[in-house]
Amino acid sequence: QVHLVESGGGVVQSGGSLRLSCTASGVILEYYTIGWYRQAPGKEREGVSCISAGHHSTYYADSVKGRFTISRNYSKNTVELQMDSLKSEDTAVYYCATRLYWQGCPLPEQDFWGQGTQVTVSS
């Protein structure tokens, strides 16, 4: 199965930036569509962004358009989420996920999840 690991979370001031990374062991991530999701305490999980297998398309939630950028680092076998102009409402645990045999964005279902990385945006 696919084992995903997120990293890069931390505490930043509003207006600041963070870069999250999603990596996998044992698979070539280029062949998988990867979605980023987040969940804040007491709220439902929401989709944030997605990059398709082979990087033919990307997807962004309206709440992050113009502020977040998803990309692939092929040499490191990672998918990165660059988060700029962060707001307090971006505070959440961020997860990456994938679905087997699904090549496009967004992901209609998710088969595998990472452990999550905490992002906290302070005033």
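The values are calculated or read from the model by the stated rules, or taken from the named source; none is laboratory data. Worth saying up front: this structure is predicted, and the values here are computed from it rather than measured. Cβ atoms come from the backbone with ideal geometry, glycine included; neighbour counts cover every protein chain shown. Accessible surface areas use protein heavy atoms only, side chains included; no ligands, DNA or RNA. Shrake-Rupley method; radii C 1.70, N 1.55, O 1.52, S 1.80 Å.
Data for the structure
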{"read-out": "Answer from Q118, Q82, Q103 - the residue that is within 15 Å of G10 (Cα to Cα) and open to solvent by 60 Å² or more (accessible area, probe 1.4 Å)", "value": "Q118"}
{"read-out": "Among residues of segment 43-62, those that are touching an Asp or Glu at 6+ places or on another chain (Cβ under 8 Å) and either open to solvent by 30 Å² or more (accessible area, probe 1.4 Å) or outside any loop (DSSP other than H, G, I, E, B) (or both), counted", "value": "3"}
{"read-out": "Residues of segment 39-62 satisfying the condition of being over 14 Å from the mean Cα position of the chain (by Cα) and more than 18 Å from A24 (Cα to Cα)", "value": "A40, P41, G42, K43, E44, H56, S57, D62"}
{"read-out": "Of all residues making up segment 1-29, the number that are outside any strand (DSSP E or B), exposed (fewer than 14 other Cβ atoms within 10 Å of the Cβ) and either among the aromatic types (F, W, Y) or without any contact (Cβ under 8 Å) to a residue 60 or more places away in the chain (or both)", "value": "2"}
{"read-out": "Some residue of segment 29-47 being of a type in the set (G, A, S) and in contact with a Gly (Cβ under 7 Å, 6 or more places away or on another chain)", "value": "yes"}
